[in-house]
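Heads up, the thing below is written out as structure tokens.
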Amino acid sequence: YNEYKSYLRMSSIGTGYDFSAGQFSPDGRVFQVEYAQKAVENSGSVIAVRGSDGVVFGVEKIITSQLYEQGNNRRVQSVDDHIGGAVAGMLSDARAIVARAREEATDYRDVYQVPIPLKMLCERLGHYVHLYTVYGGLRPFGVSILLGSWDELNGAKLMEIDPSGSARGYYGCAVGKGKQNAKTEIEKLDMTKLTCRELIKEVAKIIYSVHDEVKDKHFELELSWIGKDTGGKHQIVPKDLYDEAVKYAEEALNDSDDEDNVM
């Protein structure tokens with residue numbers, strides 16, 4: 001009986017079952033995939049919100065060195081003119097995923113002479129990510145990627161692909177360290193009535209509110225958008241809108257601190 005209890009305890013913590021992504025534990029878990037998801041959770045917060053006329057991406061990029069040059073190692077990326085995204089997790093893995101997504105988009109355009117639909121891209125990319133979870137000689141990608149698009153016919157679309165290869169559609173999504181708090185804040189928004197210009201401020205506010213100043217003192221806010229105002233093309237948010245959003249977020253954070261001090 002004691003040996004059986006020890007066996008169950010070992011299987012629940014991954015002992016002996018976490019050497020390969022191609023092996024299930026007795027309780028039906030794939031520990032290598034869970035470890036990859038943990039790498040995503042240790043990353044800075046990344047959120048995306050789908051509004052009435054497009055999608056806005058926001059990234060809390062943690063700065064670990066005072067020698068860092070601003071603007072490098074961006075976590076918001078363009079897959080094609082009509083599809084943009086943001087990544088959380090290991091940046092080197094993210095580059096490989098984005099490169100694969102660009103290949104899929106290019107191949108589809110070459111064959112069919114039209115841009116690839118977001119859902120089709122996510123299905124193809126999800127299959128690719130999933131392959132790295134079923135073979136013993138491969139390591140799962142420690143990345144979650146949020147992808148968004150907008151066109152006149154279909155409107156705004158937002159999807160997430162996680163380390164297991166699952167692709168899901170969302171109105172608003174958050175991954176990374178501040179995932180739970182960010183989701184709570186996103187749920188308070190009436191996204192169907194907010195435009196991208198309004199959402200840029202709200203996304204910046206959420207990133208500032210979930211940032212942990214104790215553990216991660218410095219961070220760089222990245223903002224991008226795709227929608228009616230950009231002509232359906234993914235772009236970095238213009239400097240004037242960016243500065244306005246940062247000011248709005250900082251004022252909201254200071255007001256919140258003042259209320260806490262009064263209480």
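Read the figures in this text as sums done on the coordinates, not as results from a lab. Keep in mind that what you see is a predicted model, and the values were worked out from it rather than measured. Please note: Cβ atoms are built from the backbone with ideal geometry, for glycine as well, and neighbour counts cover all protein chains shown.
May I ask you to derive the FRET efficiency for E123 and T64 from their Cβ-Cβ distance with R0 = 35 Å, giving the value to the nearest 0.05? Once rounded, the FRET efficiency stands at 0.50. For the chain, the relative contact order is 27 percent, taking Cα pairs closer than 8 Å that sit 6 or more residues apart in sequence and dividing their mean separation by the residue count. At q = 0.12, 0.17, 0.25, 0.29 Å⁻¹, what base-10 log of I(q)/I(0) does the Debye formula yield for the stretch 153-215 when every alpha carbon is treated as an equal point scatterer in vacuo? Here the Debye-derived log intensity ratios amount to -0.36, -0.69, -1.20, -1.33.
Report D for the stretch 139-183 in µm² per second (integer): Stokes-Einstein, Kirkwood Rh on Cα pairs, 37 °C, 0.692 mPa s.
Working: Rh = 11.8 Å.
Diffusion coefficient, whole number: 279 µm²/s.
Working from label points 7 Å from Cα in the Cα-to-Cβ sense, the N254 to L91 distance is 3.0 nm.
Overall form of the stretch 94-234: oblate. Here a/c, set by the Cα gyration tensor axes a ≥ b ≥ c, is 1.5 or more, and a/b is not larger than b/c.
Just the number, please: Stokes-Einstein D of the stretch 89-171 in µm²/s, Kirkwood Rh from C-alpha pairs, 25 °C, 0.890 mPa s. Translational D for this selection: 184 µm²/s.
Size descriptors for the chain: radius of gyration and Dmax over Cα atoms are 19.9, 68 Å.
Taken as Cα centroids, the stretch 125-157 and the stretch 187-241 sit 22 Å apart, rounded to the nearest whole angstrom. Enclosing the Cα atoms of the stretch 204-254 in their convex hull gives a volume equal to 83 cubic angstrom per residue. The label-point distance for D81 and F24, in a model that sets each label 7 Å from Cα toward Cβ, rounds to 4.6 nm.
As an exercise, use a Förster radius of 25 Å and the Cβ-Cβ distance of E198 and Y35 to find the FRET efficiency, rounded to the nearest 0.05.
On the way: r = 38 Å, r/R0 = 1.53.
So the FRET efficiency works out to roughly 0.05.
Shown in residue order for the stretch 69-82 are the 3J(HN,Hα) couplings computed by the Karplus curve 6.51 cos²θ - 1.76 cosθ + 1.60 at θ = phi - 60°: 8, 4, x, 7, 6, 5, 9, 9, 9, 9, 8, 8, 4, 9 Hz (x for Gly and Pro).
On the beta carbon distance between D216 and D240, with R0 = 22 Å, the FRET formula returns roughly 0.20.
Expressed as a rounded percentage, what relative contact order does the stretch 162-233 have, with Cα pairs under 8 Å and six or more residues apart? It would help to have the intermediate numbers written out before the result.
Values: 26 pairs, mean separation 18.1, N = 72.
Reported as a whole number, the value is 25 percent.
Beyond 19 Å in Cα-Cα separation lie the following of the pairs K183/K247; K179/K205; K38/K177; K61/K228: K183/K247; K61/K228.
Cross-link pairs exceeding 23 Å between alpha carbons, from the set K201/K239; K119/K188; K119/K239: K119/K188; K119/K239.
With Rg and the Kirkwood Rh both taken from Cα atoms, where does Rg over Rh land for the stretch 29-69?
On the way: Rg = 15.1 Å, Rh = 13.0 Å.
Across the stretch 29-69, the Cα-based Rg/Rh ratio is 1.16.
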